[in-house]
Amino acid sequence: MGITSRDVARLAGVSQPTVSRALRGDPRISAETRRKVKEAAEALNYVPSEAGRSLSTRSTKRIGVLVTDLTNPFYPHLVAPLHDELERLGYRMMLFTERSDEVIASERLLDRSIDGVVLTTTTLDSGLPAELRRRRLPFVYLNRESGTPADAAVVDNRHGAGLVARELAGLGHTRIAGIFGPDETSTGRDREYGFRLALAEVGVGLPEERVRRGPFEYATGRDALTELLTVDPRPTAVFCGNDVIALGALDAALQAGVRVPDELTVIGFDDIPMASWTAFQLTTVRHDLHGMARAAARLLVARITTPDADLERVVYTPELILRRTHAPAPPD
């Protein structure tokens, strides 16, 4: 048989429950006792059983993070700070990379092997948040939200899109296009709404023939801009729903021989690290990705420890970062 906590207890001269409490950092155990238990455990090469610990504490100290789009470079930049903050708070992160946040994810998330869930790519019509709430499994929205009320760490997407609209109008652009994300996501919906509203406030229209929508992917920007360049008259500026779409649009402009920014202004959203690369120097909307991820971790751990507390929504105000893909409207 392997070494058990009872063996550690005998060597340390304490009870078996004291070993369990000492190894999980229970503050009721004195520093001296924790030291003796730790030394005994190391001497015996004892590794605590996570299964046993979960049964005794009803806590796994594991957090599930659901991401359905790891091909988008935006999400790895959320996952890293999220992992670090959860680790600082004493939790381990488990990454779930399902293609959908529905049935399969629901079965894996609800088997009680985790203490809570971070939802990063949820859609407005997803049934998963409601199911998590029904099963009383704590969760938090990060970046995107759905209709089920929950704690959230998000960016003010409408405000950020409005900054772009006012910048374009100030540069004299009137033939403006939009390549937006999916309207079944809160980010896609709110960025389009904020952009349209701000344009209307300055008296600039956005006709549907200059609008495209699609996944937050490179191909969306590439294919949509290729189509938009055939519209007569051709747009002089395009706002993209995120930086990945904008990178696709930049490549389409390059392939078509359209000079950015002299003939076409291209602006993105998120300010992922690639946006500042010398090859792109993308003008975009920046928000605190790392701060937002860390806030989501703290919100979820607080919800786990205090289930009945009031819901909290942390909203980050974005700023417009002016680089090299914007310019005044070219003369007609």
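The values are calculated or read from the model by the stated rules, or taken from the named source; none is laboratory data. These numbers come from a predicted model, not from an experiment. Here the Cβ positions follow ideal geometry from the backbone for every residue, glycine too, while neighbour counts run over all protein chains shown. What goes into the accessible areas is simple: the full protein's heavy atoms, side chains included, and nothing from ligands, DNA or RNA. Shrake-Rupley method; radii C 1.70, N 1.55, O 1.52, S 1.80 Å.
For the stretch 118-136, which positions are among the hydroxyl-bearing types (S, T, Y) and more than 13 Å from the chain's Cα centre (by Cα)?
If the condition is that a residue be among the hydroxyl-bearing types (S, T, Y) and more than 13 Å from the chain's Cα centre (by Cα), then S126 is the only one that fits.
Could you check A297 against (1) open to solvent by 40 Å² or more (accessible area, probe 1.4 Å); (2) in contact with a strand residue (DSSP E or B) (Cβ under 8 Å, 6 or more places away or on another chain); (3) under 30 Å from L89 (Cα atoms) and say which number it fails?
(1)
Within the stretch 257-265, is there a residue that is among the charged types (D, E, K, R), part of a helix (DSSP H, G or I) and in contact (Cβ under 8 Å) with a residue 12 or more places away in the chain?
no
Residue check: is D156 in contact (Cβ under 8 Å) with a residue 40 or more places away in the chain and open to solvent by 30 Å² or more (accessible area, probe 1.4 Å)?
Criteria met by D156.
Select from the stretch 137-153 the residues that are in a loop (DSSP other than H, G, I, E, B) and touching a residue at least 60 places away in the same chain (Cβ under 8 Å) and write down the one among them that is surrounded by the fewest Cβ atoms within 10 Å (Cβ to Cβ).
Just the residues of the stretch 137-153 that are in a loop (DSSP other than H, G, I, E, B), to begin with: 137-138, 143-150.
Okay, now just the ones that are also touching a residue at least 60 places away in the same chain (Cβ under 8 Å), so 138, 143, 149-150.
Values: P138: 22, N143: 26, P149: 13, A150: 23.
Looking at residues that are in a loop (DSSP other than H, G, I, E, B) and touching a residue at least 60 places away in the same chain (Cβ under 8 Å), I get P149.
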